[in-house]
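K.L.:
Before I ask anything, here is the structure I am working with.
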Amino acid sequence: MKEPFVKRSTLFVDITQDGALQPLTRAELAGFDTFDALYRSLCAILYNYVPMSGHPGGSISSGRIVSALLFDAMDYDVSQPDRRDADLISYAAGHKAMGLYAMWALRNEIARIGSPELLPSNEAYQLRLEDLLGFRRNPTIDTPLFRQFRSKALDGHPTPATPFIKIATGASGVGVASSMGLGLGAIDAYGSGKAPKVHVIEGEGGMTPGRVAESIAFAGTVSLGNVVLHLDWNQASIDSERVTREGDLRGDYVQWEPAELFHINDWNVILVPDGKDFQQIVAAQRKALAIDNGQPTAIIYRTVKGWQYGIEGRASHGAGHKLCTGGFYDALEPMMSDVELKVPSCEPGLMRCAGGKDTATVESCFWQSLSVLREVLEANRGVVETLASRLRKAIERLDSRKRELRAPERAIDAIYDAAREGVVPEELMLAAGTSTTLRAELGRAIGHYNKVSKGSIFISAADLLGSTSVNEGAKGFPGGFYNAHSNADSRTLAVGGICEDAISGVLSGLAAFGTHMGVASSYGAFIAPLGHIAMRLHAIGNQAREAIAHEPFKPMVLICAHAGLKTGEDGPTHADPQPLQLLQENFPPGTMITLTPWDPAEIFPLVSAALAKRPAVIAPFVTRPNERVPDRAALGLAPADDATRGVYCLRKAKGVADGTIVLQESGVAYAFVEDALPRLIRDGINLDVYYVASAELFDLLPEAERRRIFPEASAQEAMGITGFTMATMYRWIRSDLGRSMSLHPYQRGHFLGSGQGAHVIAEAGLDGEGQYRSIVKYVEALRVARGTSKPELAHA
């Protein structure tokens, strides 16, 4: 009988069994211990004075891991946070943001005291001790010291508003996926064996979401040898004290140990039995850097959540000591033992800050406590100078590596330069009468821009590369799926299979690295909801980055394919009208652009217009069936290029219009143009007809132009016809009459059945016949409302 498990080529190492376990001298170890005592005290101070907000437990248990990275393992330049060739750290465990801010502020103090020339000259690229006054504070607060010190408002979970942070994290499992995307961007830009390392901080609770299993499978499959995931295995979550299995003890949530999960996905695994021991931690991190088999590595540190804080385990996850109670002061004892200055205290039963409600007093006490910590650091010059020298050595190591781009001809900016020109290449021009699909033309447009940028675009799909035609985006590049070693020039990614969750997260991190664009595709019914969190965090990250540098957003593209009712054979589970409603106008202006073309000739102009605007996310909705490119001139329709305005007048009434029709979605637009419109013309019904090709592109136009294109008077009388939900039409259809007469897939009160697209559209009353009859009724009702009623139309 065959063994159930195959032997892996990756390594499993228990660091206590791996030889030398004393990488640090006694003096170095003492310095790290002192630094950690200050770090733990700072976490306690942050929780106390916010007041009582944040996650002290995981921040404390991961502190020694991160301090070893910053002062020993990583090759980076503290004076230039944006150096692209530098190693990265990614807090996938976004709830450890308290620890992130505390660590960054302490590092800034180390540089300020011990090597001030290392501090970035631009204060935006520092995170100062003064900035901690903004922990979990809104930028609108007006407390005295926050304003005096120009403190930053520090988000409750990490965003790129913080120097050295590339991605926004904290939403279930997205941080791991997007961190793998950072690793992909780095390894493709610089090459396997030469790429910057991406160090990912996570806890075992953060490994339980499904998208995380998908993401680590991806990293092992494509051989992201530059990724090192540091797992703070403290076994405590909000509700559990044993998240995973551990030996013979069953886990509350999952029955794997972290080492097993990584090992079966072809990761190297290094076990650190005591994640509080700096010698084991540093030895493990140096071991990880020495592994050269080209596979990602997980270091699993067995830790204690809330270690020496006075509250341990799950009780310390998102909670801590009550404001200024004895437990808080006990947690500060390691910091306070060698200084005369004391942190502010309250007499028993007396709260000078009115229980935290007097924000100015709380802030004053907060700053006094931070000042004590600053004094302690300044009194420990030996420790500070030793750690500052390690920051200088990190820069020296980085400089000595001389990392160079492996394909310098690749240029992501070439995409945006070409998009601004907006010229349709000859090979993508479509003559009237041509039969093609929206999805194919979208794939060809992506392929064009991939060639323009010399391969800066990766494409991926949920096992639907050909079905959604996104494979056209990688034509002209080596076939097969990408692997960092064996097929590094392929532009086609396999992200875990049918995994819209992980695909969206990975491609958001890829875009955030800054040298690539990711394009993912699946059924709109699936990728719009499943990719929504990753899209939202990517948009948050791009916008947050503006706090440091005003630079264009880094787009990712999520194709909502097989959209609309023409995917009828798959039934209502797949032919879903709802996805557009999840995305359209649901993001801050400029961060998301949805595209809803109806004619294949609109695809390239729309994609180019969206790329030229550089939102964080572009979400095209494209149908599956073949369509015939209409002869717009012969039909009296506006040219396809007009779609780039977002909303455009598809057909202008001659003289006074009998009414206004607003169309949205390809299936209903073709039914209108090919069937309903000829009947209406026959009956002498004279209409202004508008098409919504992109609500967000329309919103980016100047207000005067928007009013000119689609006057308010039109909205006040218009009738809508959409293949999406009625909610997506409310801004275009403002009157009760117009809304009551509008057509949409759920107007008959039920999900639609299966069958050929034409039959499903007819079931919804959205076919040409149904549209015609409804428009005639609308025109009659509008005439009555206008007081211009005429005899009933003969063909109604």
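Residue-by-condition table, conditions (1) of a type in the set (Asp, Glu); (2) open to solvent by 50 Å² or more (accessible area, probe 1.4 Å); (3) assigned to a helix (DSSP H, G or I):
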{"residue": "Ser714", "(1), (2), (3)": "no, no, yes"}
{"residue": "Thr728", "(1), (2), (3)": "no, no, yes"}
{"residue": "Ile733", "(1), (2), (3)": "no, no, no"}
{"residue": "Ser740", "(1), (2), (3)": "no, yes, yes"}
{"residue": "Gly755", "(1), (2), (3)": "no, no, no"}
{"residue": "Ala762", "(1), (2), (3)": "no, no, yes"}
{"residue": "Ser774", "(1), (2), (3)": "no, no, yes"}
{"residue": "Val784", "(1), (2), (3)": "no, yes, yes"}
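K.L.:
Sticking with this one: Whether any residue in region 498-508 is under 22 Å from Ser192 (Cβ atoms), touching a Ser or Thr at 6+ places or on another chain (Cβ under 7 Å) and of a type in the set (Ser, Thr, Tyr) is what I want to check.
P.N.:
There is no residue in region 498-508 that is under 22 Å from Ser192 (Cβ atoms), touching a Ser or Thr at 6+ places or on another chain (Cβ under 7 Å) and of a type in the set (Ser, Thr, Tyr).
K.L.:
Still on this structure: Which condition number in (1) surrounded by 18 or more Cβ atoms within 10 Å (Cβ to Cβ); (2) touching a residue at least 40 places away in the same chain (Cβ under 8 Å) is the one that Leu119 fails?
P.N.:
(1)
K.L.:
Just to be sure, is Arg536 open to solvent by 10 Å² or more (accessible area, probe 1.4 Å) and in contact with a Phe, Trp or Tyr (Cβ under 9 Å, 6 or more places away or on another chain)?
P.N.:
Working: open to solvent by 10 Å² or more (accessible area, probe 1.4 Å): yes; in contact with a Phe, Trp or Tyr (Cβ under 9 Å, 6 or more places away or on another chain): yes.
In short, yes.
K.L.:
Cβ-Cβ distance below 7 Å, separation of 6 or more or different chains: which pairs start in region 212-239 with a residue that is more than 16 Å from Ile201 (Cβ to Cβ) and end on one that is assigned to a strand (DSSP E or B) and open to solvent by 10 Å² or more (accessible area, probe 1.4 Å)?
P.N.:
Val222/Asn483; Ser223/Asn483; Gln235/Glu246
K.L.:
Moving to a separate point now. List every residue pair whose Cβ atoms sit under 7 Å apart, with the two residues 6 or more apart in sequence or on different chains, where the first one lies in region 97-108 and is more than 16 Å from Glu202 (Cα to Cα) and the second, anywhere, is open to solvent by 10 Å² or more (accessible area, probe 1.4 Å) and of a type in the set (Lys, Arg).
P.N.:
The qualifying pairs are Ala105/Arg128; Asn108/Arg128.
Here is a yes/no grid of residues against (1) touching a Phe, Trp or Tyr at 6+ places or on another chain (Cβ under 9 Å); (2) assigned to a helix (DSSP H, G or I); (3) surrounded by fewer than 24 Cβ atoms within 10 Å (Cβ to Cβ):
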{"site": "Glu472", "(1), (2), (3)": "no, yes, yes"}
{"site": "Asp489", "(1), (2), (3)": "yes, no, yes"}
{"site": "Gly497", "(1), (2), (3)": "no, no, yes"}
{"site": "Asp501", "(1), (2), (3)": "no, yes, no"}
{"site": "Gly505", "(1), (2), (3)": "no, yes, no"}
{"site": "Val519", "(1), (2), (3)": "yes, no, no"}
{"site": "His550", "(1), (2), (3)": "no, no, yes"}
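K.L.:
On to the next question. With (1) in contact with a strand residue (DSSP E or B) (Cβ under 9 Å, 6 or more places away or on another chain); (2) part of a helix (DSSP H, G or I); (3) more than 21 Å from Val622 (Cβ to Cβ) as the list, and Ala671 as the residue in question, which single condition is left unmet?
P.N.:
(3)
K.L.:
Additional query: Search region 742-753 for residues being more than 18 Å from Pro579 (Cβ to Cβ) and in a loop (DSSP other than H, G, I, E, B), and hand back the single one that is farthest from the chain's Cα centre (by Cα). Break it down stepwise before answering.
P.N.:
Initial filter on region 742-753 (more than 18 Å from Pro579 (Cβ to Cβ)): 742-743, 747-750, 753.
Subset that is in a loop (DSSP other than H, G, I, E, B): 742, 747-750, 753.
On the way: Ser742: 35, Gln747: 35, Arg748: 37, Gly749: 35, His750: 34, Gly753: 34 Å.
The residue in question is Arg748.
K.L.:
Check region 573-596 and report whether any residue there is of a type in the set (Asp, Glu), part of a helix (DSSP H, G or I) and either buried (at least 22 other Cβ atoms within 10 Å of the Cβ) or at pLDDT below 95 (or both). Even if it seems obvious, please write down each step before you answer.
P.N.:
Filtering region 573-596 down to residues of a type in the set (Asp, Glu) leaves 576, 585.
Restricting the remaining residues to those that are part of a helix (DSSP H, G or I) gives none.
Checked against the condition, which is being of a type in the set (Asp, Glu), part of a helix (DSSP H, G or I) and either buried (at least 22 other Cβ atoms within 10 Å of the Cβ) or at pLDDT below 95 (or both), region 573-596 yields no hits at all.
K.L.:
Next question, about the same structure. Looking at region 393-439, which of its residues are buried (at least 17 other Cβ atoms within 10 Å of the Cβ) and outside any loop (DSSP other than H, G, I, E, B)?
P.N.:
Matches in region 393-439: Ala394, Ile395, Leu398, Ile415, Tyr416, Ala418, Ala419, Thr436, Leu438, Arg439.
K.L.:
Quick one: what pairs do we get from region 273-292, first residue at positive phi, second in a helix (DSSP H, G or I), C-beta under 7 Å, 6+ apart or different chains?
P.N.:
none
K.L.:
While we're looking at this one, here's another question. Is it fair to say His263 is open to solvent by 10 Å² or more (accessible area, probe 1.4 Å) and not acidic (Asp, Glu)? Steps first, answer last, please.
P.N.:
Details: open to solvent by 10 Å² or more (accessible area, probe 1.4 Å): yes; not acidic (Asp, Glu): yes.
When the stated conditions are applied, His263 passes them.
K.L.:
Could you give every pair whose Cβ atoms fall below 8 Å, whose first residue belongs to region 648-675 and is open to solvent by 10 Å² or more (accessible area, probe 1.4 Å), and whose second residue is assigned to a helix (DSSP H, G or I) and of a type in the set (Gly, Ala, Ser), counting only separations of at least 6 or pairs across chains?
P.N.:
Pairs found: Ala671/Gly768; Glu674/Gly768; Asp675/Gly768.
The values are calculated or read from the model by the stated rules, or taken from the named source; none is laboratory data. Since we're looking at a predicted model, the values are computed, not measured. No Cβ is skipped: glycine too gets one built from the backbone with ideal geometry, and neighbour counts run over all protein chains shown. What goes into the accessible areas is simple: the full protein's heavy atoms, side chains included, and nothing from ligands, DNA or RNA. Shrake-Rupley method; radii C 1.70, N 1.55, O 1.52, S 1.80 Å.
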